[in-house]
1. Determine which member of the set ILE127, ILE153, ILE165, ILE117 is in contact (Cβ under 8 Å) with a residue 12 or more places away in the chain, of a type outside the set (Ser, Thr, Tyr) and surrounded by fewer than 18 Cβ atoms within 10 Å (Cβ to Cβ).
2. For the range 86-111, give me each residue that is in contact with a Ser or Thr (Cβ under 9 Å, 6 or more places away or on another chain) and either β-branched (Val, Ile, Thr) or surrounded by fewer than 19 Cβ atoms within 10 Å (Cβ to Cβ) (or both).
3. Out of everything in the range 5-38 that is over 14 Å from GLU49 (Cβ atoms) and among the aliphatic types (A, V, I, L, M), what residue ends up being modelled with the lowest pLDDT?
4. Taking the residues in the range 9-46 that are at positive phi and without any contact (Cβ under 8 Å) to a residue 60 or more places away in the chain as candidates, determine which candidate is farthest from the chain's Cα centre (by Cα).
5. If you check every pair at least six apart or on different chains, which have Cβ atoms under 7 Å apart with a residue in the range 77-95 that is within 19 Å of THR113 (Cβ to Cβ) and at pLDDT 95 or above first and a residue that is assigned to a helix (DSSP H, G or I) and basic (Lys, Arg) second?
6. When you scan the range 126-143, do you find a residue that is within 21 Å of PHE83 (Cβ to Cβ) and outside any helix (DSSP H, G or I), even just one?
7. Which residues, taken from the range 51-85, are surrounded by 15 or more Cβ atoms within 10 Å (Cβ to Cβ), under 18 Å from the mean Cα position of the chain (by Cα) and over 15 Å from GLU30 (Cα atoms)?
8. Only one of ILE37, ILE28, ILE16 is surrounded by 11 or more Cβ atoms within 10 Å (Cβ to Cβ) and more than 30 Å from LEU131 (Cα to Cα). Can you tell me which?
Amino acid sequence: MNPVKVNSVITEYDPISDQKIKYQKIQISESVTVRNISFNSPHYYLVEEGLDIHDPQNFEVPFDNPDVNLRADYQIYREKVGFLQPREIKKVREHLRLSLREVSAILGISYSTLSEIENGLVLHSQIQDTLLRMLEHTYTLSTIVEQHKGLIINSHGLKAYQRIIDKLNAEKNWDS
């Protein structure tokens, strides 16, 4: 078993027993496989004080962030395969002053999926990464928007289309 590192001791309220319980917050490197790529990832768990910190049956995910380990795995996977990280996607979208709905209209990715990708809740696919990388190239993006004018107007309206075009035209010098 990999070495376990105790990071801190915390106290959490247990509503079942109506008591405060002390936990050791531990870190352990675990081997994971995401989409057929294996790697080690640092995982965090809580172990009730007095229980064996080396026994995985005693491990509980952090109550305030139960997806912390999955998100860490996704981040490492994205680094290994060269995918954009959620913070990079959000940064370029905000630089273009585009809303999630506007990017959804341009790229053809549903609003909810795009929101989950940007918030790191799901791992996007290679085709989605390729589409998201187009946000870094304003001229190409403008051309796509113009080519899909009818589709965007039909699904989001003429005003939405014009707002997108205006925002992209304001940024065309960005990728020169």
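1. One residue alone meets the criteria, ILE165.
2. Let us first name the residues in the range 86-111 that are in contact with a Ser or Thr (Cβ under 9 Å, 6 or more places away or on another chain), namely 93, 96, 100, 104-105, 110-111.
The answer is ARG93, LEU100, SER110, TYR111.
3. My answer is ILE16.
4. Applying the first criterion (at positive phi) to the range 9-46 yields 18, 35-36.
Going one step further and asking which of them are without any contact (Cβ under 8 Å) to a residue 60 or more places away in the chain, we end up with 18, 36.
Details: ASP18: 35, ASN36: 19 Å.
Result: ASP18.
5. From the range 77-95, the pairs are LEU84/ARG133; GLN85/ARG78.
6. yes
7. Of everything in the range 51-85, those that are surrounded by 15 or more Cβ atoms within 10 Å (Cβ to Cβ), under 18 Å from the mean Cα position of the chain (by Cα) and over 15 Å from GLU30 (Cα atoms) turn out to be ARG78, PHE83, LEU84.
8. Unique residue meeting the criteria: ILE28.
The values are calculated or read from the model by the stated rules, or taken from the named source; none is laboratory data. These numbers come from a predicted model, not from an experiment. Cβ: placed from backbone, ideal geometry, glycine included. Neighbour counts: every protein chain shown.
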